[in-house]
Amino acid sequence: MLIGIDASHANKIQRTGVEEYCWQIIQEFKNIIPSDTKVVLYSNKELLPELAELPENWEIKILKWPLKKMWSQFRLAYELWKNPPDIYFSPGQLLPFFSPKNSVVMVHDSAFEAFPNVYRFFGRQYLKLMNRLIVKKSKTILTSTEFNKKEMAKFYGQAVVDKIKIIPLAYDSEKYNLNNPVEKNVYGQYILSVGRLEEKKNTKRIILAFELVKKQFPNLKLILIGKPGAGFEEIEITINNSIYKKDIILPGFVVSKDLLNILKNAQVFVFPSLYEGFGIPVLEAMAVGLPVIVSKGNALEEVGKDVVISVDPLSVEEIANKIFDLLSDSNLRDKKIKLGLEEVKKYSWRNTAEYTWQEIIK
């Protein structure tokens, strides 16, 4: 049997949620796919050294393409037509115009349907086309939460439910745990949020909530880790107009080693995103002993269960009040930390990969 896997999303040094999933699933597949199964990784450029370390039954196909866009829709599609695998797996929510009848696709979310204004017009249309193609042509659709499944049914019809299998994501437990040493805290007391600085991540309300809490905790800082995204202009104005501007820190994208240190030294992890299909940062925060605040109404409550504190993401006052509670109530804080450390034991990339492999070979 020949399995073809799109490795282009995994093949990045700086990886956000989708890319991290693609990387982890391929790395775990190397340990669980039987040696009598041939695997081909497709990429538009040379693979990173660690990703390129392959078992004997694996190979890499570098499919050159002169343009920055549409590699999967034309060059990869041609390869799948010319040399079709028995099963094609797309971990990055894309399906080429031509793909084998036995195609399995991971759908991470439908945010572009729920929040169309935060996507550029042509990008949004392309993502819509991709999801419609996935719904029509894929044999199996994988997704990480019941929330995502309901969203797919809402936007593409109840019939798609029969194709969907739910397999939770995970986090890197070797990096994010209590045993890894913590370096010196150079920031002092701070609350932390990780994610693209944009409207969908609710960054502006995080800043406004911080301003309210800051009145009670004068030494408190806010660290916002991530690159600018849609709506950053308004976020930047909010920061510049804040009387606490000097205490709002924007490190940009942070590599995992430094991120671990910043996470471990934080007081509270704040993640009241307006839309999430899963939320890997929630698991990472719980794994290093941080109490977590998330938004109601999306997948974050499903992932965090009763461990996290849920808030109305549109209420600055409610976000601020819950941050205040965790900073001022040591019993509540300790309870949430303890529950979080137990909850994350249920998640592992090995389990994610094994469940995914079983669905692929069905």
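The values are calculated or read from the model by the stated rules, or taken from the named source; none is laboratory data. As the structure is a prediction and not an experimental result, all values here were calculated from the model. Quick reminder, even Gly has a Cβ in these numbers, built from the backbone with ideal geometry, and neighbours come from all protein chains shown.
Checked across the range 320-333, the condition of being of a type in the set (V, I, T), crowded, with 23+ Cβ neighbours inside 10 Å and over 30 Å from F89 (Cα atoms) holds for at least one residue. The condition of being over 17 Å from S193 (Cα atoms), in contact with a helix residue (DSSP H, G or I) (Cβ under 8 Å, 6 or more places away or on another chain) and modelled with pLDDT under 95 holds for only one of E302, E354, that being E302.
Are any residues in the range 257-283 surrounded by fewer than 24 Cβ atoms within 10 Å (Cβ to Cβ) and among the acidic types (D, E), and if so, which ones? Matches in the range 257-283: D258 only.
Scanning the range 139-170 for residues that are among the hydroxyl-bearing types (S, T, Y), surrounded by fewer than 23 Cβ atoms within 10 Å (Cβ to Cβ) and not in a helix (DSSP H, G or I) returns a single hit, T140. Restricting attention to the range 181-213 and to residues that are crowded, with 19+ Cβ neighbours inside 10 Å and of a type in the set (S, T, Y), the residue that is farthest from the chain's Cα centre (by Cα) turns out to be Y190. For G195, indicate whether it is touching a Leu at 6+ places or on another chain (Cβ under 9 Å) and among the small types (G, A, S). When the stated conditions are applied, G195 passes them. The number of residues in the range 279-307 that are in a loop (DSSP other than H, G, I, E, B) and more than 27 Å from N180 (Cβ to Cβ) comes to 3. Within the range 303-317, the set of residues being among the small types (G, A, S) and surrounded by fewer than 23 Cβ atoms within 10 Å (Cβ to Cβ) comprises S310, S315. Checked against the criteria, K12 counts as under 16 Å from the mean Cα position of the chain (by Cα), part of a loop (DSSP other than H, G, I, E, B) and free of Cβ contacts under 8 Å to residues at least 40 places away in the same chain.
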